[in-house]
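Below you'll find the structure, written out as structure tokens, and then a few comments.
No lab work stands behind these numbers, since they all come straight from the coordinates. Keep in mind it's a predicted model, so treat the numbers as computed, not measured. Ideal geometry is used to build each Cβ from the backbone, glycine not excepted, and the neighbour counts take in all protein chains shown.
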Amino acid sequence: MNRNVHVIGAGRTDFKRNLRKEGLSLRDVIVEAGRAAIADAGLEPAAIEAGVVGNFAAGLYTRQLHLGALLLGIDNSLRGIPTLHTEAACASGSVAVLSAAHWIRGGVYDVVLVVGAEQQKTMSPAEGADVLAAAADWSAEKPRYGEHMMPKMFAGIAEAYAARHGLPEAALATVVLKNYAHARRNPQAQMRDVAMSLEKAMTACDTNPRFAPPLKITDCSQITDGAAAVVLASDKFMRVGRSMRLLGSGHTTDVLRLDGKDVPAFPMTRRAADQAYAAAGVTPRDLDAAEVHDCFSISELVAYEALGWAEPGRAAALLESGATTLPHARVDIGVGTRPAFSMPVNTGGGLMGDGHPVGATGVRQVVEMFRQVSGEAGERQVDGARTVMTFNMGGSLTTNVAMIWRGV
């Protein structure tokens, strides 16, 4: 059995919030986002047959695990449904989506709720950075990299890329500028009120130190509290005109340690993308929009090449052409020419601009693409968006999940 899988409803929280300051917890945003997605799907909670929660490190950030049970706070009618919690570092949310999709494809359930969530603002930045380091090979890599382990690892990726292909400072800064420009058009983005300029993104200073050369603070994604949710369903519940079908997916795992990977080519990422393209029967040029994992500015550039959008060493040229920028935001980043094709990337601001509540990110990407194909993205709408892609990864491109979707 290989049934179709559709997104029929989506919801999320405002990523600018600080849950502890509100007196709220991870439980509250899981319930909030889940209820919003169910209502958006036009269903009663009792229609949900199973649930999945994607989360990276609630046990460390909040001392709470056994997260599937928190879904029951949405409505008492959910009591008794099967649930599970997926963890794959920053790819926890997309693995949750795939897990639910497999249930539907196999005919086990017709309607599954997926919620991704993380509450990170529970400790100091230094303590939080050490939690995030658990996405890597902590016992082997922590002694080597020390504090700010993940930024330093991605700085190493940037250095390897520069050594092989060259890497102008302006390329990293333009990723930052683009994603902040997109975030300013997203009313739920964490950085929606922050103005960014190329000069600011390129300049190292006391407020923007180059703490992991060549990366500065502005090259990094955000520490975020939040949740995102989607309702996945079979054809039985699909609604023409407001459904998004999963055309194909790819899911690969590389070794945990960065120095065991082929950097900066990341062939396991390319394998996941190729699996998704083959299953979907599309090519990169068929895509109208995409969400990629920009935990650091270099991550987006690496993704352009690993996903087959640019030849090796040509990611900066693709970015500078304006092809990956929303047409109405190109003037904001100084692109005055019309590119040969248009495929806006990270239309909601990405991890740097929209925010990165780790376990929620993979689900949030699907929410953003659902809004795009439904024509509900407001000021960041991509005209005629129909075939879209999400790419979410965990660790130093250890877990790779690529999914291709099409509006129905």
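Treating the beta-carbon of each Lys and Arg as +1 and of each Asp and Glu as -1, no other charges, what is the dipole magnitude of region 155-279 about its Cα centre, to the nearest 20 debye?
Numbers: 16 positive and 12 negative charges, 119 e Å.
Roughly 580 debye, rounded to the nearest 20.
Taking the structure as given and computing Rg and Dmax of the Cα atoms in Å, which label from [x] 29.5, 111; [y] 28.3, 94; [z] 19.5, 58 fits?
Recomputing Rg and Dmax of the Cα atoms in Å here picks out [z].
Quick one: how many lysine pairs does the chain have with C-alpha atoms less than 25 Å apart and a gap of 8 or more or different chains? Give me the count, please.
Lysine pairs meeting the criterion: 19.
How large is the charge dipole for region 204-261, taken about the Cα centre, if only the Cβ atoms of Lys, Arg (+1) and Asp, Glu (-1) carry charge, to the nearest 20 debye? Write down the numbers at each step before the final one.
Values: 8 positive and 6 negative charges, 71 e Å.
That gives a dipole near 340 debye.
In whole angstrom, how far apart do the alpha carbon centroids of region 168-206 and region 13-27 sit?
Measuring centre to centre over Cα atoms gives 24 Å.
Going by amide H atoms built from the backbone, whose H comes under 5 Å of the H on G248, apart from near neighbours?
Here I404 satisfy the definition.
Rounded to the nearest Å, what's the spacing between the alpha carbon centres of region 392-408 and region 258-285? Just the number, please.
Here the answer is 10 Å between Cα centres.
Could you work out the relative contact order of the chain, using alpha carbon pairs under 8 angstrom and six or more residues apart, expressed as a whole percent? Could you put the intermediate results ahead of the total?
Values: 998 pairs, mean separation 104.3, N = 408.
Across the chain, relative contact order equals 26 percent.
For region 1-75, what does the relative contact order come out to in percent, with C-alpha contacts under 8 Å and a separation of six or more? Kindly include the intermediate steps, with their values, before the conclusion.
Values: 55 pairs, mean separation 26.0, N = 75.
This gives 35 percent for region 1-75.
Loop by DSSP (not H, G, I, E, B), at most 13 other beta-carbon atoms within 10 Å: where is the longest site-free stretch of the chain for GluC sites (Glu not before Pro)? Working shown, then result.
Numbers: sites that count: E147, E376.
Longest gap between qualifying sites, sites excluded: 148-375.
Can you work out ³J(HN,Hα) from phi for every residue in region 74-86, in order, using Karplus 6.51 cos²θ - 1.76 cosθ + 1.60 and θ = phi - 60°, giving whole Hz and x for Gly and Pro?
The phi angles translate into 5, 6, 5, 5, 7, 4, x, 6, x, 9, 8, 10, 9 Hz.
Considering the options L113, M403, A91, tell which one lies farthest towards the positive end of the dipole of the chain, charges being +1 on Lys and Arg and -1 on Asp and Glu at the Cβ, about the Cα centre.
L113
I need the phi-derived Karplus couplings for region 190-200: 6.51 cos²θ - 1.76 cosθ + 1.60, θ = phi - 60°, integer Hz, Gly and Pro marked x.
For region 190-200, the Karplus curve yields 4, 9, 5, 9, 9, 7, 10, 10, 4, 4, 5 Hz.
Placing +1 on the Cβ of each Lys and Arg and -1 on the Cβ of each Asp and Glu in region 140-230, which of P187, L215, V230 has its Cα farthest towards the positive end of the resulting dipole?
So the residue we want is V230.
Which one of G349, Q381, F391 is farthest out on the positive end of the charge dipole of region 340-408, using unit charges on Cβ (Lys, Arg +1; Asp, Glu -1) and the Cα centre as origin?
F391
Nearest 500 deg cm²/dmol is fine: what mean residue ellipticity at 222 nm does the chain get from its DSSP H runs of n ≥ 4 alone, each adding -39,500 (n - 2.57), divided by its residue count?
Details: 14 runs with 137 residues, N = 408.
That calculation yields -10000 deg cm²/dmol at 222 nm.
Once the Cα atoms of region 328-367 are picked out, what are the Rg and Dmax in Å?
According to the Cα coordinates of region 328-367, Rg and Dmax are 13.0, 38 Å.
Assigning unit charges at the beta carbon (Lys, Arg +1; Asp, Glu -1) and nothing else, what dipole magnitude in debye, to the nearest 20, does region 1-102 show about its Cα centre? Write out the running numbers ahead of the final one.
On the way: 10 positive and 9 negative charges, 62 e Å.
Computed charge dipole of region 1-102: roughly 300 debye.
Ordered by residue, what ³J(HN,Hα) values in Hz, to whole numbers, does region 174-181 give under the Karplus form 6.51 cos²θ - 1.76 cosθ + 1.60, where θ = phi - 60° and Gly and Pro are x?
6, 4, 4, 4, 4, 6, 5, 4
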